[in-house]
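What follows is a set of notes on a single structure, which appears directly below.
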Amino acid sequence: MPTREEIEAIRARVDLVELIARYTAVRPSGKNYIAVCPFHPDKTPSLAISREKGLWHCFGCGAGGDAFTFVMLIEGVEFPEAARRLAEEAGVPLRSGPDGEARDGRDRLRGRLEQAARRWERLLFEPVGRRALEYLTGERGLRPETIRRFRLGYAPPDPDDLLRAFPDPDAREDLEELGLLLRGERELKGFFRDRVIFPIAGVQGEIVGFAGRALPPEDARAREPKYLNTRGTALFAKRRLLYGLPQAKAGFARFGEALLVEGYLDVLMAHQHGFPHAVASMGTAFTPEQARLLRRFVPKVTLAYDRDTAGRAATLRGLQQLLAAGLEVRIALLPPGQDPDGVLRAEGAQAFNELLAQAVPFPQFYVEALLEEHDAGSFQGRERILQDVRAFLRGIVSPALRAQILKELAGALDIPLEDLVAHLRVGVKGRNATVIMGGEAPGSSRTWGVEEHLMALLLQGAVSIERAMHDLTPTDFQRFARAVEVLAALYRDWPPSDRPERFDDSPAGRRLLEEWLAQLPPDDQAALRELAVGDDRDTDGERAARQLIGRLRLQGLERRLKTIPQELRAAERAGDRARVEALLQEQQACLRERQKLLRELGSRAPQAQGQVQGQGGGGDEHG
């Protein structure tokens, strides 16, 4: 892991605003910035960024953190990899050791993959690869330029081919780690044999793995799968990759959307016929990582699947991930049993384009799929439809999308919308009932109380930390009592020479804030991030702080004055005269302090519930 000093150096050098702006549109808002959140459907900018604090927080979905957290979420990587990427970008050299060695090891493995890819590319165009090349150009209709652009290759039948190409023992060990060589009982042999090779690349075009397709006649190799993929490695994780992405990025910009297809050859044929925005998920069910990856480049997607594939439960779960990432989804249904590759080869680009033009919005497709799967004319069928919808809607974040689905379903079943919503609420409690209706999103902005307002002033640097620690104690708070207790302990133990005056953009201020948040539970972290990146609500921070500290202490006194009468009665019943006298003295002190605060705050004294009874009763019985 990077050292603490290296992490702080990376934080200091990385511009969080510029980092987030690579993935979503960012614009200024006061002293901070706002952006459309890439982690949930976000029609209006709800992600706030504080360049000064190095923090970001989404008021819609509640996600947030620092630069490391953002890279981890958007790229689907763990902390060490996020730190490595940011360190390279910021020019911060990481120490040698396990992480440095791991980085060197990944670079070496990438080099091995590139060497293997070049060999297989070359063999495809040599005599040994003639049958594979004829299959691709003849039976599959691929042009040589398409084959070269996607770097297709051929692994010959000889199991020793890679062994001869890589005689070095270290190289063979790397290829075994990458899954390109398999160890049998006695010796190594090639994993891909007599297969067309499809290199699979990362976002920047670097090869991270391979897929291999068996050559026909396939019945002679019935025991082997048609397609084989290299196993998961440090570089290759199918759930985080999209086939054809590097080649499709220019097409994304041109078309403003992505075309999602199912297979490798679908992608190749689509690009060859003028649809350069096609990518494949290497499986019908999209993962959250793939959905977020796609959302980095486009706001909407069109799926080109046949109806049987599109209606499968696994596909619908994948579509949920696309929708949850904030993508607008349409479905272009192909003729039964057809795929884009077959349609394009048999009917051409115009026919395929006409099918895409008939793509339907997801809500319409989803309801039609339900009606095909269940008999809407029977009671049992309608109940199954409603059960499926209730479960499906819980995975949909967007209230607008939920409303669209419910409207489509109400029309299809000829049920009044309000009756449908009421029915779906039955047996659904708490937050899930709100989910069915499409109410307020979790983590949405709430009205600030005194505690929130005061903590915002502290976090935004309007109030000095020293003053807050002097004037306030954890017992003054309810919501943030634990957070203030942790801050007080941290500040007390912080080296006096390095204590920051405020939570500002100084290294010490950032470091104390990071340490503080790191020691808090997730809900407190999210609440404080939200306050730290929120808009300024006061032009005179010091004056507002005086008022808020006074009001916070006043609230504490009011709470105490409500509890003293109960304790007095208990002490009286117990005959504890000393306790009664102590409580009466505390009550009088609280009243004097309360009156003083009210004068300072310029307010009249409202009576606390139970206060007159407690005060009068104490005077009558014990005066």
How many of the residues in region 194-210 are part of a strand (DSSP E or B) and either open to solvent by 10 Å² or more (accessible area, probe 1.4 Å) or more than 17 Å from Arg140 (Cα to Cα) (or both)? 7
With the condition kept exactly as written, say whether any residue in region 258-281 is open to solvent by 10 Å² or more (accessible area, probe 1.4 Å), touching a helix residue (DSSP H, G or I) at 6+ places or on another chain (Cβ under 6 Å), polar (S, T, N, Q) and in a loop (DSSP other than H, G, I, E, B). no
State whether one or more residues within region 61-80 are in a strand (DSSP E or B) and buried (at least 18 other Cβ atoms within 10 Å of the Cβ). yes
Would you confirm, using the coordinates I've provided, whether Arg543 is surrounded by fewer than 14 Cβ atoms within 10 Å (Cβ to Cβ) and either outside any helix (DSSP H, G or I) or at pLDDT below 85 (or both)? yes
How many residues does region 451-471 contain that are closer than 18 Å to Ala527 by Cα, assigned to a helix (DSSP H, G or I) and either open to solvent by 30 Å² or more (accessible area, probe 1.4 Å) or of a type outside the set (Asp, Glu) (or both)? 8
Only unsatisfied item for Leu136, checking (1) within 38 Å of the chain's Cα centre (by Cα); (2) part of a helix (DSSP H, G or I); (3) touching a residue at least 12 places away in the same chain (Cβ under 8 Å), is (1)
Name the residue, out of Ala278, Ala270, that is in contact (Cβ under 8 Å) with a residue 12 or more places away in the chain, small (Gly, Ala, Ser) and over 20 Å from Phe362 (Cα atoms). Ala270
Number of the exception - Arg254 against (1) open to solvent by 40 Å² or more (accessible area, probe 1.4 Å); (2) outside any helix (DSSP H, G or I): (2)
Taking the options Asp99, Asp107, name whichever one is modelled with pLDDT under 95, in a helix (DSSP H, G or I) and either surrounded by 13 or more Cβ atoms within 10 Å (Cβ to Cβ) or of a type in the set (Ser, Thr, Tyr) (or both). Asp99
For region 555-585, enumerate the residues that are in contact (Cβ under 8 Å) with a residue 24 or more places away in the chain and closer than 23 Å to Ala481 by Cα. Gln555, Gly556, Leu557, Glu558, Arg560, Leu561, Lys562, Ile564
Sort out which residues of region 282-306 are part of a strand (DSSP E or B) and open to solvent by 10 Å² or more (accessible area, probe 1.4 Å), and write them in order of number. Lys300, Asp306
Condition test on Ala87, is it assigned to a helix (DSSP H, G or I), under 24 Å from Ala508 (Cα atoms), open to solvent by less than 50 Å² (accessible area, probe 1.4 Å) and of a type outside the set (D, E, K, R)? yes
Please specify each residue of region 491-506 satisfying the condition of being touching a residue at least 24 places away in the same chain (Cβ under 8 Å) and surrounded by 14 or more Cβ atoms within 10 Å (Cβ to Cβ). Tyr491, Arg499, Pro500, Arg502, Phe503, Asp504, Asp505
Mind counting the residues in region 33-57 that are open to solvent by less than 30 Å² (accessible area, probe 1.4 Å), more than 21 Å from Pro93 (Cβ to Cβ) and either modelled with pLDDT of 90 or more or of a type in the set (Gly, Ala, Ser) (or both)? 9
Looking at (1) under 22 Å from Pro288 (Cβ atoms); (2) open to solvent by less than 10 Å² (accessible area, probe 1.4 Å); (3) modelled with pLDDT under 95; (4) touching a Phe, Trp or Tyr at 6+ places or on another chain (Cβ under 8 Å), which is the only condition Gly244 fails? (3)
What's the total number of residues in region 1-32 that are open to solvent by 50 Å² or more (accessible area, probe 1.4 Å) and in a loop (DSSP other than H, G, I, E, B)? 5
Matching residues in region 325-346 - criterion: being in contact with a helix residue (DSSP H, G or I) (Cβ under 9 Å, 6 or more places away or on another chain), open to solvent by 60 Å² or more (accessible area, probe 1.4 Å) and over 26 Å from Ala291 (Cβ atoms): Pro336, Gly337, Arg345
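The values are calculated or read from the model by the stated rules, or taken from the named source; none is laboratory data. Everything quoted here is computed from the prediction, not taken from an experiment. Positions of Cβ are generated from backbone atoms using ideal geometry, with glycine treated the same way; all protein chains shown enter the neighbour counts. The accessibility values were calculated without ligands, DNA or RNA, using every heavy atom of the protein model including side chains. Shrake-Rupley method; radii C 1.70, N 1.55, O 1.52, S 1.80 Å.
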